[in-house]
1. Any idea which of Asn87, Asn132 is surrounded by 13 or more Cβ atoms within 10 Å (Cβ to Cβ), of a type outside the set (Gly, Ala, Ser) and under 14 Å from Ser61 (Cα atoms)?
2. Can you name the number of the only condition in (1) without any contact (Cβ under 8 Å) to a residue 12 or more places away in the chain; (2) farther than 18 Å from Asn28 by Cβ that Gly107 fails?
3. Residues Gly163, Gly101, Gly95: which one is farther than 26 Å from Arg22 by Cα and surrounded by 17 or more Cβ atoms within 10 Å (Cβ to Cβ)?
4. Could you please give the count of residues in the stretch 63-94 that are free of Cβ contacts under 8 Å to residues at least 40 places away in the same chain, within 19 Å of Trp133 (Cβ to Cβ) and within 9 Å of the chain's Cα centre (by Cα)?
5. Among (1) at pLDDT 90 or above; (2) out of contact with any helix residue (DSSP H, G or I) (no Cβ under 9 Å at 6 or more places or on another chain), there is one condition Ile153 misses while meeting the rest; what is its number?
6. What number goes with the only condition from (1) within 19 Å of Ile155 (Cα to Cα); (2) surrounded by 17 or more Cβ atoms within 10 Å (Cβ to Cβ) that Leu51 does not pass?
7. Just to be sure, is Lys120 in a helix (DSSP H, G or I), among the basic types (Lys, Arg) and under 15 Å from the mean Cα position of the chain (by Cα)?
Amino acid sequence: MSNPHPQPSSRPLDAQNSALTRLRRLSNLLDNAIPIPGTPYRIGLDPILSLLPGAGDFLASLLSIYIVIEAARLSIPQATLVQMIGNILLDTVVGCVPMLGDLFDVGWKANVKNVALLEKQLKVSPPRQRTNWLLLAALLGVLILVVIASIAISISILNWLLGALQL
């Protein structure tokens with residue numbers, strides 16, 4: 001005999017919690033995984049990866065983009081997705097500046113900020129709107145172009161510095 005009042009499935013909530021746990025771990029790895037001895041400060045792989053000209057910034061940005069894509073899959077509002085992409089853009093653009101960008105990466109922690117935005121949205125339960133995947137794809141496309149441009153600029157600066165040192 002079937003139950004006339006079936007219990008709601010907790011599967012979507014389980015999937016949401018699983019995704020959130022994964023994203024928290026990733027943001028911690030990228031922004032806070034390594035304590036700086038003798039200080040209360042922590043850094044992650046993001047500023048370390050950015051020391052590798054071009055490729056490091058690209059890899060860090062791809063991992064940051066993954067957080068935004070997962071947030072979109074969890075149906076958070078577009079305004080929050082735009083804010084998350086803005087955090088990554090700022091991190092990427094300032095991150096291209098030699099030395100200043102590395103210091104900025106240590107303090108800005110775009111991934112921690114983005115997971116905090118996601119958590120805030122998931123705790124508030126306004127009616128969920130469908131994600132505009134076209135808008136998200138366009139914003140991610142702009143982000144990828146900025147990342148590629150930052151890599152090209154980093155490589156150009158590195159080539160210029162190496163050329164100047166050979167004088």
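1. None of the others qualify; the one that does is Asn87.
2. Just one mismatch for Gly107, condition (2).
3. Just one listed residue meets the conditions, Gly101.
4. So the answer is 1.
5. That leaves (1) as the condition not met.
6. Among (1) within 19 Å of Ile155 (Cα to Cα); (2) surrounded by 17 or more Cβ atoms within 10 Å (Cβ to Cβ), the lone unmet condition for Leu51 is (2).
7. The answer is no for Lys120.
The values are calculated or read from the model by the stated rules, or taken from the named source; none is laboratory data. All values derive from a computational prediction rather than experimental measurement. Neighbour counts are summed over all protein chains in view; Cβ atoms, including those assigned to glycine, are modelled from backbone coordinates with ideal geometry.
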